[in-house]
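Heads up, the thing below is written out as C-alpha coordinates.
The values are calculated or read from the model by the stated rules, or taken from the named source; none is laboratory data. This structure is a prediction, so every number in the text was calculated from the model and none was measured. Here Cβ is always computed from backbone atoms with ideal geometry, including for glycine, and neighbour counts include all displayed protein chains. What goes into the accessible areas is simple: the full protein's heavy atoms, side chains included, and nothing from ligands, DNA or RNA. Shrake-Rupley method; radii C 1.70, N 1.55, O 1.52, S 1.80 Å.
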Amino acid sequence: MNIRNFWKILSGTFLIVGASTLSAQSQAQMFSRPGVIGDSLSQGFYGATVEEKTQNWAYPVLVSKQAGSNVSYNVLKGPYLNFEDVLKGDCGVFCIAASIIGGNGSTVGLPTHAGITGADYTTVLQTSGQCENINATTWAKQWYWETWYWYTYRWIQVPDCQSPDKFHQFGLRSSGTQMQVMQAVKPSFLFGTAAANHVLCTALSTSTDCLDQARFLRDIRSTMSKMAAIGSIKGGVLFTVPNVTSIAFLENYNDPQGRVNYSGLKAFFRSSVSDPSQVLDKNEVATITNFLTSINNEVKAQAVAMGFALADLKVLFDDLKENGRLIKSPSGYSPGYAKANWPLPGQPGIFGLDGVHPNMYGHSVFANELIKAINSKYGYSIPQVSEYTAWYYDSLNRNPVDLKKFLTDTLFGQFISWVIGIFV
(Lines give C-alpha, C1' and ligand atoms only; values in the text may rest on other atoms or scores of the structure.)
Protein backbone atom coordinates (compact mmCIF):
# COMPACT_ATOMS: atom_id res chain seq x y z
CA MET A 1 0.00 0.00 0.00
CA ASN A 2 1.50 3.36 -0.99
CA ILE A 3 1.57 6.30 1.40
CA ARG A 4 -1.10 8.26 -0.54
CA ASN A 5 -3.66 5.45 -0.27
CA PHE A 6 -2.77 4.98 3.40
CA TRP A 7 -3.59 8.60 4.17
CA LYS A 8 -6.81 8.40 2.15
CA ILE A 9 -7.96 5.39 4.18
CA LEU A 10 -6.85 6.96 7.47
CA SER A 11 -8.56 10.24 6.64
CA GLY A 12 -11.74 8.39 5.69
CA THR A 13 -11.67 6.53 8.99
CA PHE A 14 -11.39 9.81 10.91
CA LEU A 15 -14.23 11.27 8.89
CA ILE A 16 -16.49 8.32 9.67
CA VAL A 17 -15.66 8.39 13.39
CA GLY A 18 -15.94 12.18 13.45
CA ALA A 19 -19.28 12.14 11.68
CA SER A 20 -20.61 9.55 14.11
CA THR A 21 -19.47 11.62 17.10
CA LEU A 22 -20.82 14.80 15.56
CA SER A 23 -24.18 13.14 14.94
CA ALA A 24 -24.41 12.09 18.60
CA GLN A 25 -23.34 15.54 19.77
CA SER A 26 -25.74 17.16 17.36
CA GLN A 27 -28.67 15.17 18.70
CA ALA A 28 -27.72 16.06 22.25
CA GLN A 29 -27.38 19.70 21.30
CA MET A 30 -30.54 19.67 19.24
CA PHE A 31 -32.60 18.35 22.15
CA SER A 32 -30.74 20.18 24.90
CA ARG A 33 -33.78 22.42 25.36
CA PRO A 34 -36.83 21.36 23.34
CA GLY A 35 -39.73 23.80 23.25
CA VAL A 36 -43.36 23.26 22.33
CA ILE A 37 -46.14 25.34 20.88
CA GLY A 38 -49.33 23.66 19.80
CA ASP A 39 -52.87 22.63 20.55
CA SER A 40 -54.75 19.77 22.19
CA LEU A 41 -52.65 17.13 20.42
CA SER A 42 -49.53 18.57 22.01
CA GLN A 43 -51.08 19.19 25.44
CA GLY A 44 -52.55 15.70 25.79
CA PHE A 45 -56.29 16.27 25.58
CA TYR A 46 -58.14 13.00 26.06
CA GLY A 47 -61.77 12.17 26.78
CA ALA A 48 -62.78 15.86 26.98
CA THR A 49 -60.15 16.91 29.51
CA VAL A 50 -56.44 17.37 30.22
CA GLU A 51 -54.82 15.81 33.27
CA GLU A 52 -51.44 14.43 34.27
CA LYS A 53 -51.97 10.88 33.00
CA THR A 54 -53.03 12.22 29.58
CA GLN A 55 -50.30 14.87 29.42
CA ASN A 56 -47.67 12.18 29.97
CA TRP A 57 -48.68 10.62 26.62
CA ALA A 58 -48.69 13.77 24.48
CA TYR A 59 -46.36 13.53 21.47
CA PRO A 60 -43.82 16.21 22.56
CA VAL A 61 -43.36 14.42 25.88
CA LEU A 62 -42.93 11.02 24.22
CA VAL A 63 -40.59 12.21 21.46
CA SER A 64 -38.43 14.25 23.84
CA LYS A 65 -38.04 11.29 26.20
CA GLN A 66 -37.10 9.01 23.32
CA ALA A 67 -34.49 11.59 22.27
CA GLY A 68 -32.98 11.59 25.77
CA SER A 69 -34.48 14.90 26.84
CA ASN A 70 -37.63 16.29 28.44
CA VAL A 71 -40.05 19.18 28.48
CA SER A 72 -41.62 20.93 31.47
CA TYR A 73 -45.25 22.01 31.74
CA ASN A 74 -47.98 22.96 34.15
CA VAL A 75 -49.86 19.81 35.12
CA LEU A 76 -53.64 20.11 34.81
CA LYS A 77 -56.44 18.33 36.60
CA GLY A 78 -59.32 19.38 34.35
CA PRO A 79 -61.34 21.32 33.35
CA TYR A 80 -64.11 19.04 32.07
CA LEU A 81 -64.30 15.27 32.23
CA ASN A 82 -62.45 12.15 31.30
CA PHE A 83 -65.36 10.28 29.69
CA GLU A 84 -63.61 6.95 30.06
CA ASP A 85 -63.19 7.29 33.84
CA VAL A 86 -66.81 8.38 34.26
CA LEU A 87 -68.31 5.60 32.14
CA LYS A 88 -66.17 2.94 33.81
CA GLY A 89 -67.13 4.15 37.28
CA ASP A 90 -63.61 5.34 38.15
CA CYS A 91 -64.74 8.94 38.67
CA GLY A 92 -67.59 9.54 41.12
CA VAL A 93 -69.53 12.64 42.10
CA PHE A 94 -66.67 14.45 43.85
CA CYS A 95 -64.23 13.51 41.09
CA ILE A 96 -66.63 14.84 38.46
CA ALA A 97 -67.12 18.10 40.37
CA ALA A 98 -63.37 18.60 40.80
CA SER A 99 -62.74 17.81 37.13
CA ILE A 100 -65.35 20.29 35.91
CA ILE A 101 -63.84 23.05 38.07
CA GLY A 102 -60.31 22.14 37.02
CA GLY A 103 -57.01 23.46 38.30
CA ASN A 104 -53.33 22.62 38.49
CA GLY A 105 -51.75 19.51 39.93
CA SER A 106 -48.34 21.20 39.86
CA THR A 107 -46.83 24.24 38.20
CA VAL A 108 -43.54 25.52 36.81
CA GLY A 109 -42.33 29.10 36.58
CA LEU A 110 -41.51 28.95 32.87
CA PRO A 111 -42.82 25.92 30.97
CA THR A 112 -40.81 24.73 28.00
CA HIS A 113 -44.00 23.04 26.76
CA ALA A 114 -46.61 25.73 26.07
CA GLY A 115 -49.07 23.79 23.87
CA ILE A 116 -52.68 24.50 24.83
CA THR A 117 -55.97 22.80 23.96
CA GLY A 118 -58.01 24.86 21.51
CA ALA A 119 -55.04 26.91 20.32
CA ASP A 120 -54.13 27.83 16.76
CA TYR A 121 -51.47 30.11 15.29
CA THR A 122 -53.59 33.16 16.13
CA THR A 123 -53.81 32.31 19.83
CA VAL A 124 -50.13 31.31 19.87
CA LEU A 125 -49.44 34.96 19.18
CA GLN A 126 -52.12 36.69 21.23
CA THR A 127 -53.63 34.56 24.02
CA SER A 128 -51.90 34.32 27.39
CA GLY A 129 -52.95 32.64 30.60
CA GLN A 130 -54.44 35.93 31.74
CA CYS A 131 -55.70 37.67 28.59
CA GLU A 132 -57.72 36.31 25.70
CA ASN A 133 -55.98 38.82 23.43
CA ILE A 134 -52.96 40.73 24.73
CA ASN A 135 -53.32 43.17 21.83
CA ALA A 136 -57.00 43.98 22.41
CA THR A 137 -57.92 47.53 23.42
CA THR A 138 -61.05 49.39 24.38
CA TRP A 139 -62.00 53.02 24.92
CA ALA A 140 -62.15 54.43 28.44
CA LYS A 141 -62.58 57.83 30.04
CA GLN A 142 -59.49 59.50 31.41
CA TRP A 143 -60.36 62.23 33.89
CA TYR A 144 -58.04 65.23 34.24
CA TRP A 145 -57.93 68.91 35.23
CA GLU A 146 -58.10 70.92 32.01
CA THR A 147 -57.70 74.09 34.06
CA TRP A 148 -57.39 74.69 37.78
CA TYR A 149 -61.18 74.88 38.00
CA TRP A 150 -62.32 72.56 35.19
CA TYR A 151 -62.25 68.77 35.79
CA THR A 152 -63.18 66.86 32.63
CA TYR A 153 -62.33 63.77 30.66
CA ARG A 154 -61.06 62.48 27.31
CA TRP A 155 -61.42 59.11 25.63
CA ILE A 156 -58.25 57.01 25.44
CA GLN A 157 -57.47 53.45 24.34
CA VAL A 158 -56.57 51.06 27.14
CA PRO A 159 -55.81 47.33 27.21
CA ASP A 160 -58.89 45.11 27.13
CA CYS A 161 -57.85 41.99 29.02
CA GLN A 162 -60.67 39.47 28.91
CA SER A 163 -60.17 36.16 30.74
CA PRO A 164 -59.17 33.31 28.41
CA ASP A 165 -60.54 29.76 28.58
CA LYS A 166 -59.46 27.56 31.46
CA PHE A 167 -57.01 25.52 29.40
CA HIS A 168 -55.01 28.69 28.77
CA GLN A 169 -55.43 29.85 32.36
CA PHE A 170 -54.13 26.61 33.87
CA GLY A 171 -51.67 25.77 31.09
CA LEU A 172 -49.89 29.13 30.71
CA ARG A 173 -50.72 30.87 34.00
CA SER A 174 -48.60 34.05 34.21
CA SER A 175 -45.90 33.05 31.71
CA GLY A 176 -47.36 34.95 28.72
CA THR A 177 -48.53 33.76 25.33
CA GLN A 178 -47.12 30.64 23.73
CA MET A 179 -44.89 32.86 21.60
CA GLN A 180 -43.70 34.87 24.59
CA VAL A 181 -42.92 31.63 26.41
CA MET A 182 -40.75 30.43 23.52
CA GLN A 183 -38.98 33.80 23.33
CA ALA A 184 -38.12 33.42 27.01
CA VAL A 185 -37.25 29.71 26.81
CA LYS A 186 -35.04 30.09 23.70
CA PRO A 187 -35.46 26.45 22.65
CA SER A 188 -32.91 24.44 20.73
CA PHE A 189 -35.58 22.32 19.04
CA LEU A 190 -39.17 23.32 18.29
CA PHE A 191 -42.34 21.26 18.12
CA GLY A 192 -44.17 23.91 16.15
CA THR A 193 -47.53 22.76 14.75
CA ALA A 194 -50.72 24.63 15.69
CA ALA A 195 -52.58 24.37 12.39
CA ALA A 196 -55.33 21.83 13.09
CA ASN A 197 -57.87 24.10 14.77
CA HIS A 198 -57.87 26.43 11.78
CA VAL A 199 -59.85 23.70 9.99
CA LEU A 200 -60.99 21.27 12.70
CA CYS A 201 -63.53 23.89 13.74
CA THR A 202 -65.58 22.92 10.68
CA ALA A 203 -66.07 19.35 11.89
CA LEU A 204 -66.92 20.36 15.44
CA SER A 205 -69.42 23.02 14.38
CA THR A 206 -70.58 21.29 11.14
CA SER A 207 -70.09 24.63 9.41
CA THR A 208 -67.53 26.27 7.14
CA ASP A 209 -68.09 29.75 8.63
CA CYS A 210 -64.93 29.49 10.74
CA LEU A 211 -62.57 29.10 7.76
CA ASP A 212 -60.28 32.11 7.37
CA GLN A 213 -57.36 31.53 5.05
CA ALA A 214 -56.01 35.08 5.31
CA ARG A 215 -55.81 34.84 9.11
CA PHE A 216 -54.15 31.43 8.97
CA LEU A 217 -51.50 32.52 6.46
CA ARG A 218 -50.82 35.76 8.31
CA ASP A 219 -50.41 34.13 11.69
CA ILE A 220 -48.44 31.00 10.76
CA ARG A 221 -46.00 33.18 8.83
CA SER A 222 -45.74 35.64 11.69
CA THR A 223 -45.21 32.78 14.15
CA MET A 224 -42.40 31.22 12.12
CA SER A 225 -40.78 34.59 11.47
CA LYS A 226 -40.70 35.33 15.19
CA MET A 227 -39.36 31.85 15.92
CA ALA A 228 -36.55 32.30 13.41
CA ALA A 229 -35.67 35.61 15.07
CA ILE A 230 -35.13 33.90 18.45
CA GLY A 231 -31.83 32.59 17.10
CA SER A 232 -31.44 29.56 19.37
CA ILE A 233 -33.53 27.08 17.35
CA LYS A 234 -31.35 24.51 15.59
CA GLY A 235 -34.19 22.38 14.23
CA GLY A 236 -37.75 21.30 14.71
CA VAL A 237 -40.67 19.32 13.37
CA LEU A 238 -44.02 20.22 11.82
CA PHE A 239 -46.80 17.94 10.67
CA THR A 240 -49.68 18.16 8.23
CA VAL A 241 -53.30 18.13 9.34
CA PRO A 242 -55.28 14.91 8.76
CA ASN A 243 -58.58 14.92 6.90
CA VAL A 244 -60.91 16.35 9.55
CA THR A 245 -64.02 15.16 7.70
CA SER A 246 -62.92 11.55 8.29
CA ILE A 247 -62.55 11.65 12.05
CA ALA A 248 -64.67 9.40 14.27
CA PHE A 249 -66.61 12.41 15.52
CA LEU A 250 -68.45 12.56 12.18
CA GLU A 251 -70.61 9.91 10.57
CA ASN A 252 -72.62 9.66 7.38
CA TYR A 253 -76.28 10.59 7.49
CA ASN A 254 -78.93 10.26 4.78
CA ASP A 255 -82.04 12.32 5.30
CA PRO A 256 -85.15 10.05 5.31
CA GLN A 257 -86.97 12.64 3.21
CA GLY A 258 -84.17 12.86 0.66
CA ARG A 259 -83.36 16.52 1.31
CA VAL A 260 -79.85 17.16 -0.05
CA ASN A 261 -78.88 19.86 2.44
CA TYR A 262 -79.97 17.62 5.33
CA SER A 263 -77.69 14.77 4.22
CA GLY A 264 -73.94 14.45 4.66
CA LEU A 265 -71.79 14.26 7.80
CA LYS A 266 -73.26 14.76 11.26
CA ALA A 267 -71.86 14.57 14.79
CA PHE A 268 -71.97 10.98 16.06
CA PHE A 269 -74.07 11.86 19.11
CA ARG A 270 -77.00 13.17 17.04
CA SER A 271 -79.64 10.57 16.28
CA SER A 272 -81.09 12.73 13.50
CA VAL A 273 -80.69 16.07 11.76
CA SER A 274 -83.32 18.75 12.29
CA ASP A 275 -81.52 21.65 10.59
CA PRO A 276 -79.01 21.95 7.72
CA SER A 277 -76.57 23.57 10.17
CA GLN A 278 -76.21 20.18 11.89
CA VAL A 279 -74.69 18.50 8.86
CA LEU A 280 -71.82 19.05 6.43
CA ASP A 281 -73.17 18.51 2.93
CA LYS A 282 -71.04 17.48 -0.04
CA ASN A 283 -70.37 21.09 -1.10
CA GLU A 284 -69.16 21.99 2.38
CA VAL A 285 -66.95 18.90 2.47
CA ALA A 286 -65.40 19.98 -0.85
CA THR A 287 -64.74 23.46 0.58
CA ILE A 288 -63.08 21.95 3.65
CA THR A 289 -60.96 19.62 1.52
CA ASN A 290 -59.67 22.51 -0.58
CA PHE A 291 -58.93 24.57 2.52
CA LEU A 292 -57.12 21.63 4.12
CA THR A 293 -54.93 21.28 1.04
CA SER A 294 -53.94 24.95 1.22
CA ILE A 295 -53.16 24.65 4.94
CA ASN A 296 -50.97 21.60 4.44
CA ASN A 297 -49.14 23.17 1.51
CA GLU A 298 -48.28 26.13 3.74
CA VAL A 299 -47.15 23.85 6.58
CA LYS A 300 -44.87 22.03 4.15
CA ALA A 301 -43.49 25.32 2.85
CA GLN A 302 -42.77 26.54 6.38
CA ALA A 303 -40.99 23.29 7.23
CA VAL A 304 -38.69 23.79 4.23
CA ALA A 305 -38.11 27.46 5.04
CA MET A 306 -37.27 26.71 8.69
CA GLY A 307 -35.17 23.64 7.90
CA PHE A 308 -37.53 21.49 9.98
CA ALA A 309 -38.53 17.86 9.66
CA LEU A 310 -42.01 17.22 8.31
CA ALA A 311 -44.33 14.37 9.26
CA ASP A 312 -47.17 13.90 6.80
CA LEU A 313 -49.91 12.89 9.23
CA LYS A 314 -52.54 13.36 6.57
CA VAL A 315 -51.03 10.47 4.61
CA LEU A 316 -50.75 8.46 7.82
CA PHE A 317 -54.39 9.05 8.73
CA ASP A 318 -55.60 8.25 5.23
CA ASP A 319 -53.75 4.94 5.45
CA LEU A 320 -55.20 4.25 8.91
CA LYS A 321 -58.66 4.95 7.56
CA GLU A 322 -58.16 2.67 4.60
CA ASN A 323 -55.94 -0.14 5.90
CA GLY A 324 -55.58 0.15 9.66
CA ARG A 325 -52.30 -0.26 11.55
CA LEU A 326 -51.03 -3.62 12.77
CA ILE A 327 -50.42 -3.92 16.51
CA LYS A 328 -47.92 -6.65 17.29
CA SER A 329 -45.96 -7.70 20.37
CA PRO A 330 -42.27 -8.72 20.25
CA SER A 331 -43.42 -12.33 20.73
CA GLY A 332 -45.67 -12.13 17.71
CA TYR A 333 -49.07 -11.79 19.38
CA SER A 334 -51.41 -9.32 17.69
CA PRO A 335 -54.80 -7.97 18.75
CA GLY A 336 -55.34 -6.95 15.12
CA TYR A 337 -55.28 -3.79 13.06
CA ALA A 338 -56.19 -0.49 14.74
CA LYS A 339 -58.61 1.61 12.73
CA ALA A 340 -59.46 5.31 12.64
CA ASN A 341 -62.19 5.00 15.24
CA TRP A 342 -62.42 4.67 19.01
CA PRO A 343 -61.86 1.10 20.24
CA LEU A 344 -64.74 -1.34 20.11
CA PRO A 345 -64.86 -4.97 21.29
CA GLY A 346 -62.50 -6.91 19.06
CA GLN A 347 -61.50 -3.78 17.12
CA PRO A 348 -58.60 -1.61 18.36
CA GLY A 349 -58.74 2.11 17.54
CA ILE A 350 -56.64 5.25 17.71
CA PHE A 351 -59.31 7.72 18.91
CA GLY A 352 -60.52 8.59 22.37
CA LEU A 353 -64.21 8.71 23.20
CA ASP A 354 -64.69 12.25 21.89
CA GLY A 355 -64.00 10.97 18.37
CA VAL A 356 -61.54 13.81 17.76
CA HIS A 357 -58.38 13.21 19.79
CA PRO A 358 -56.13 10.15 19.97
CA ASN A 359 -56.17 7.74 22.88
CA MET A 360 -52.98 6.56 24.57
CA TYR A 361 -52.20 4.16 21.73
CA GLY A 362 -53.02 6.82 19.13
CA HIS A 363 -50.59 9.26 20.75
CA SER A 364 -47.82 6.68 20.46
CA VAL A 365 -48.57 6.24 16.75
CA PHE A 366 -48.38 10.00 16.14
CA ALA A 367 -45.17 10.26 18.19
CA ASN A 368 -43.52 7.54 16.13
CA GLU A 369 -44.36 9.28 12.87
CA LEU A 370 -42.64 12.40 14.20
CA ILE A 371 -39.63 10.37 15.30
CA LYS A 372 -39.36 8.83 11.83
CA ALA A 373 -39.46 12.29 10.24
CA ILE A 374 -36.85 13.69 12.65
CA ASN A 375 -34.51 10.74 12.14
CA SER A 376 -34.85 11.04 8.37
CA LYS A 377 -34.24 14.79 8.34
CA TYR A 378 -31.34 14.99 10.76
CA GLY A 379 -29.76 11.54 10.48
CA TYR A 380 -30.51 10.48 14.05
CA SER A 381 -31.48 7.09 15.44
CA ILE A 382 -34.06 8.08 18.03
CA PRO A 383 -35.80 4.86 19.10
CA GLN A 384 -39.52 4.58 18.55
CA VAL A 385 -42.15 4.27 21.24
CA SER A 386 -43.45 0.72 21.70
CA GLU A 387 -46.89 0.88 20.16
CA TYR A 388 -47.76 -2.53 21.53
CA THR A 389 -46.92 -1.37 25.07
CA ALA A 390 -49.02 1.75 24.55
CA TRP A 391 -51.92 -0.44 23.40
CA TYR A 392 -51.40 -2.87 26.28
CA TYR A 393 -51.59 -0.16 28.96
CA ASP A 394 -54.36 1.78 27.21
CA SER A 395 -57.43 0.85 29.27
CA LEU A 396 -59.74 2.13 26.54
CA ASN A 397 -58.25 -0.26 23.99
CA ARG A 398 -58.02 -3.18 26.43
CA ASN A 399 -61.54 -2.65 27.81
CA PRO A 400 -63.49 -0.74 25.15
CA VAL A 401 -66.48 1.46 25.85
CA ASP A 402 -69.09 1.68 23.10
CA LEU A 403 -70.00 5.32 23.71
CA LYS A 404 -72.53 5.50 20.91
CA LYS A 405 -74.39 2.48 22.27
CA PHE A 406 -74.30 4.02 25.74
CA LEU A 407 -75.73 7.31 24.42
CA THR A 408 -78.59 5.57 22.60
CA ASP A 409 -79.42 2.57 24.81
CA THR A 410 -79.34 4.04 28.33
CA LEU A 411 -81.52 6.73 29.87
CA PHE A 412 -78.50 8.56 31.28
CA GLY A 413 -76.82 8.41 27.88
CA GLN A 414 -79.92 9.73 26.15
CA PHE A 415 -80.00 12.60 28.64
CA ILE A 416 -76.36 13.41 27.87
CA SER A 417 -77.08 13.34 24.14
CA TRP A 418 -80.01 15.71 24.67
CA VAL A 419 -77.83 18.13 26.67
CA ILE A 420 -75.05 18.00 24.09
CA GLY A 421 -77.55 18.55 21.29
CA ILE A 422 -78.79 21.72 22.98
CA PHE A 423 -75.41 23.28 23.73
CA VAL A 424 -73.33 22.21 20.73
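Work out the FRET efficiency for Ser32 and Lys300 from their Cβ-Cβ distance, taking R0 = 25 Å, and round it to the nearest 0.05.
On the way: r = 27 Å, r/R0 = 1.08.
Taking R0 as 25 Å, the efficiency between Ser32 and Lys300 is 0.40.
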At q = 0.09, 0.14 Å⁻¹, what log₁₀ I(q)/I(0) does the stretch 192-305 have when each alpha carbon counts as one equal point scatterer in the Debye sum?
-0.31, -0.62
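Among bridges DSSP assigns within the chain, what percent are antiparallel (round to 5)? Spell out each step's value before the answer.
On the way: 24 of 35 bridges.
Among the beta bridges of the chain, antiparallel pairing accounts for roughly 70 percent.
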222 nm [θ] for the chain, helices only, -39500 (n - 2.57) per DSSP H run of 4+, per residue, to 500?
-13500 deg cm²/dmol
Apply the Debye scattering formula to the stretch 114-219, with a single equal point scatterer on each alpha-carbon and no solvent, then give log10 I(q)/I(0) at q = 0.11, 0.13, 0.24 Å⁻¹.
-0.48, -0.61, -1.28
Would you please put 207-216, 58-67, 230-239, 42-51 in order of how densely packed they are, using the mean number of other Cβ atoms within 10 angstrom per residue and starting with the highest?
42-51, 58-67, 230-239, 207-216
Binned at 10 Å from 0, what are the whole-percent values of the Cα-Cα distance distribution for the stretch 272-336, short to long?
16, 25, 28, 22, 8, 0
Here the percent of antiparallel bridges among DSSP beta bridges lying wholly in the stretch 203-330, to the nearest 5, is 60
For Lys226, what accessible area in Å² do you get when you roll a 1.4 Å probe over the heavy atoms of the protein chains, rounding to the nearest 10?
90
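Which helices of the chain meet both criteria: a Cα extent of 20 Å or more along the helical axis and a mean Kyte-Doolittle score no lower than 0.0, with helices taken as whole DSSP H segments? Show your work: numbers first, answer last.
Details: long enough: 3-30 (39 Å, 0.47); 213-230 (26 Å, -0.11); 282-306 (36 Å, 0.08); 360-378 (27 Å, -0.04).
Result, helices passing both filters: 3-30, 282-306.
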Cross-link table Lys186/Lys377; Lys53/Lys377; Lys166/Lys339; Lys65/Lys404; Lys77/Lys321, entries beyond 24 Å C-alpha to C-alpha
Lys53/Lys377; Lys166/Lys339; Lys65/Lys404; Lys77/Lys321
With all protein chains in place and a 1.4 Å probe, Ser395 shows an accessible area in Å² (nearest 10) of 50
Prolate/oblate/rounded label for the stretch 334-402 (Cα gyration tensor, a/c 1.5):
prolate
Calculate log10 I(q)/I(0) of the chain for q = 0.07, 0.08, 0.09 Å⁻¹, where I(q) comes from the Debye formula with a single equal point scatterer on each Cα and nothing for solvent.
-0.39, -0.50, -0.62
Place the peptides 88-101, 254-267 in order of packing, highest mean first, counting for every residue the other Cβ atoms within 10 Å and averaging per peptide.
254-267, 88-101
Straight-line reach check, Lys282, cutoff 14 Å on alpha carbons, 8 or more apart in-chain or any other chain, hits among aspartates and glutamates -> Glu251, Asp255
Ignoring ligands, DNA and RNA, what percent of the accessible area of the stretch 213-367 is carbon or sulfur (1.4 Å)?
50
Using modelled amide H (1.01 Å from N, peptide plane; none on Pro or chain starts), what sits under 5 Å from the amide H of Gly235, excluding residues fewer than 5 places away?
Leu190
Rounded to the nearest Å, what's the spacing between the alpha carbon centres of the stretch 71-107 and the stretch 138-160? Just the number, please.
46
Mean-square fluctuation maximum in Gaussian network of the chain, Cα pairs under 10 Å, restricted to Ala301, Ala338, Ala248, hits Ala301
How big is the gap, in Å, between the Cα center of the stretch 215-282 and the Cα center of the stretch 323-386?
21
